[in-house]
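The structure appears below as structure tokens.
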Amino acid sequence: MAENATAPPSGPGGPIPDIGIDPSTIISALLLLTIAYVVVRVVVFLLGWLSERAYEHRITVKMAIPFAKLAIYGFAVYHILSSVVQLSATQLIVFSGLAGAAIGFGLKDLVAEVVGGVVIVLDKPYQVGDKVRIDDQYGEVTDIGLRATRLVTPDDNLVSVSNQMVINQTVANANAGSLEMQVVIDLFIDSSSDAAEAMKILREAAVTSKYVYISNKRPVTILMRDHPFYSMVRARVYVNDIRYEFKFETDVTKRAWEAFKREGIEPPMAGVVDLGGGRAADGG
Amino acid sequence: MPRDFKEEVEVIERSMEDFRGGKRRNVAVISDPFYGESELLDQVWEAAASGAFRVKAGSLKEDFEILERSSAKIVVVEEAHRLYLRKIGGFDLMDRFMNFVSSSDRLFITTWNSFSWKYLDEVLGIGQHFPLKVVLPRMDAGEIRDMLLSGYEEGELTFLEEETEERGEPKIFKRSSFEIRLLSQRIEIPRPVADLGSVRSRLQKKEDKRPPMEAFFGKLARISDGNPGVADLLWKEALDYPEVRDCLTDPPSIDLDLDDSFALSIILSMGSLDLADLSEVLEPVGTSAERAAALLEERGLVFIDGEVVSLRAEALKRTAEHLRRVRLVW
């Protein structure tokens, strides 16, 4: 630090001050960050591998992934600042000034995203493995990164949603850390068909599916709503693993319609079903 | 030597006395497959003496009216879980039976497969029709030892040390492989896959410093999951009078896809069933019952005898564990 004391004073338009961080310090810091990155990749891979073999505890194991990433990167940054760089008061002021300028001019969004990532990990509006809807995107959370959250949609698209956006958005979480989630299955039948029989069939189709999960807290509910030219029967039922959501819906719908046909339960005439109001409009 | 059901018989006898005194509490005896609950029913049947009617639930499929025709005030129904099939329309007979039970003034004593009971209780709420539930408990190593050695004098049997090497101890790593395509050639790359079951088995074995008899019954209780029927079967395999060979090994874990696991769950929840019934459940979901049964037999989980497919007793524990993991039984 003696070198700094004898250095010529710098002012506006003067030479850039020597802040005492030599190339070897920068290389050490970069090396440490690289090691942290590799460790994170290995830990994420191992936890992911383990979670897929943990069956019913899959989501619990996956919950550890963002915490592990935060801890490893946090330790690396702490170690760089405390042991490698060893900032003096002058260096800290210069570093803070540079960091402030960088954040203010160019890295504002990146920092907001990282802060958002930390908030998501700590506040847990969702976890890795959950099925969520963020903005217009719906899918399974596969990664909560420092910058963005990644979802795999039902069409197998990988969507990255900025963490900054997540904390400013309404997030709908379908399973909130559980392996099971509720699936709503609507079937529409002609008004002249036997709605009670249709409800019985839909219930049996749901409870006999290989994808179903039933417990006191996860009951099967069958509802019916009458419309002028058709009736809607609805099953609210839980799938045993969020990954089978669409297979479950298909299985129940297919077998229920086969039974409907056997029992003479007809679909509504073309054009009479109004789907414009969506599920909310149908109630239940 | 079957298990002694003294406590359970006393409970059921009390319910019969209460019934004669005007208080009706229908009884559900709930047990895992192979437990030997028919032995319990025999004792109940003797205690009930005259005035009771005993029927196997399977026969009610052909003639349900036999229940209505009987004038007995106490009705004993064996394997009541056979009154349903897990398919659309498969609960009609069970519904009819439950309606009969709830509208009748008779006392019903029934036995149930525990896996079917849990499922039906969630789906149909059958528990409310049977206020008195007798759940046959898992036995610990000491109880299994007392049960199996009750017919022998002390010191009559010699327990030999564990024999593992000759029988081929399960390996920690199994050989597997994956294919890559390189210059339009398929190349198979071998890779090791860890078998967590055998790792667990080895760790448990290294900790076992007990005398051979204690170690044997400890392992028997673990592998049979405290089920006396399964323990008795494994005991018969190990007994080479007057020696008892410790040939028990933890079975390897099960690796099945969801369709085959579902087929296995149906067999587990019945214990055994006709291939035709299995087919009625599996065909609507696009699975061939014959193919699934053959695959499960090849894996050593079931056996097919003519037209009937049955769970293997020694596969009970790992089957239940696997199906719990994949959430096909709850």
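Readers should treat all values here as calculations from the given coordinates under stated rules, not as data from a laboratory. Everything numeric in this text was worked out from a predicted model, so none of it was measured. No Cβ is skipped: glycine too gets one built from the backbone with ideal geometry, and neighbour counts run over all protein chains shown.
Express as a percent, rounded to the nearest 5, the fraction of DSSP beta bridges in the protein assembly as shown (both residues included) that run antiparallel.
Numbers: 53 of 74 bridges.
The antiparallel proportion sits near 70 percent.
Comparing mean-square fluctuations of B:254, B:266, B:109 from a GNM of chain B with C-alpha springs under 10 Å, the top value falls on B:254. Pairs of Cα atoms nearer than 8 Å and 6+ residues apart set the relative contact order; for chain B it is 18 percent. From the alpha carbon centroid of the stretch A:236-275 to that of the stretch A:100-142 is 36 Å.
With a 10 Å Cβ neighbour count serving as the proxy for reagent exposure, in which order, fewest first, do B:104, A:51 appear? Each step should come with its number before you reach the end.
Values: B:104 15, A:51 20.
Listed from fewest to most nearby Cβ atoms, that is B:104, A:51.
For the peptides A:215-228, B:230-243, the ranking by mean Cβ contacts within 10 Å, running from highest to lowest, is B:230-243, A:215-228. Beta-bridge orientation, the stretch B:4-160: approximately 0 percent antiparallel, per DSSP, counting only bridges with both partners inside. With helices as the sole contributors, chain B gives -13000 deg cm²/dmol at 222 nm; each DSSP H run of n ≥ 4 counts as -39500 (n - 2.57), and the sum is divided by every residue.
Of B:129, B:322, the sequence from fewest to most neighbouring Cβ atoms within 10 angstrom is B:129, B:322. Each residue of the stretch B:85-102 is assigned a 3J(HN,Hα), and the resulting list reads 9, 7, 7, 5, x, x, 10, 4, 5, 5, 4, 5, 5, 5, 4, 5, 4, 6 Hz, derived from the Karplus form 6.51 cos²θ - 1.76 cosθ + 1.60 (θ = phi - 60°), x at Gly and Pro.
For chain B, what is the percent of antiparallel DSSP beta bridges, rounded to the nearest 5? Show your work: numbers first, answer last.
Working: 19 of 40 bridges.
Bridges in chain B that DSSP calls antiparallel: roughly 50 percent.
Summarise the partner chain shielding of B:113-125 as one whole number: the mean count of Cβ atoms from other chains within 10 Å of each residue's Cβ.
Numbers: counts 0, 0, 0, 0, 0, 2, 4, 1, 2, 9, 8, 1, 0.
Counting other chains' Cβ atoms within 10 Å and averaging over B:113-125 gives 2.
For residue B:23, a cut-off of 19 angstrom between C-alpha atoms picks up these lysines, skipping any fewer than 8 places away in its own chain: B:73, B:133. Note the angle between two axes, namely the Cα long axis of helix A:23-53 and the longest principal axis of the Cα atoms of chain A, as a number of degrees from 0 to 90, rounded to the nearest 10. In chain A, helix A:23-53 runs at an angle near 20 degrees to the longest axis. From Cα pairs below 8 angstrom and at least 6 apart in sequence, can you work out the relative contact order of the stretch A:36-129, rounded to a whole percent? So the answer I get is 33 percent. On a 0 to 90 degree scale, rounded to 10, what angle separates helix B:196-207 from the longest Cα axis of chain B? Its long axis makes an angle of about 90 degrees. Count the lysine pairs in chain A whose Cα atoms lie under 29 Å apart, taking only pairs 8 or more positions apart in sequence or on different chains. Step by step, the pairs that qualify in chain A add up to 26. Fewest-first ordering of A:140, A:263, B:154 by other beta carbons within 10 Å of each residue's beta carbon gives B:154, A:263, A:140. Of A:129, A:74, A:139, the residue with the greatest mean-square motion in the GNM of chain A, using alpha carbon springs below 10 Å, is A:74. Three principal axis extents describe the C-alpha atoms of the stretch A:181-271; from largest down they are 35, 22, 22 Å.
Counting, for every residue in A:202-215, the Cβ atoms of other protein chains within 10 Å of its Cβ and taking the mean gives 6. P(r) for chain B, from all Cα pairs and a bin width of 20 Å, is 27, 52, 20, 2, 0 %, short bins first.
Can you give me the angle between helix B:37-48 and the longest principal axis of chain B, using Cα atoms only, in degrees from 0 to 90, rounded to the nearest 10? Roughly 20 degrees between the two axes. Gap in Å between the Cα centre of the stretch B:17-39 and the Cα centre of the stretch A:182-215? Spelled out, the Cα-based centre of one part sits 34 Å from the other.
Under the 0.36 nm per residue contour assumption, what length would be gained going from the current alpha-carbon distance of residue A:119 and residue A:155 to full extension?
Values: separation 36, 0.36 × 36 = 12.96 nm, distance 2.86 nm.
Between residue A:119 and residue A:155, full extension yields an extra 10.1 nm.
Near the amide H of residue B:329, within less than 5 Å, lie the amide hydrogens of B:324, all on another chain or at least 5 residues away, with H placed in the peptide plane.
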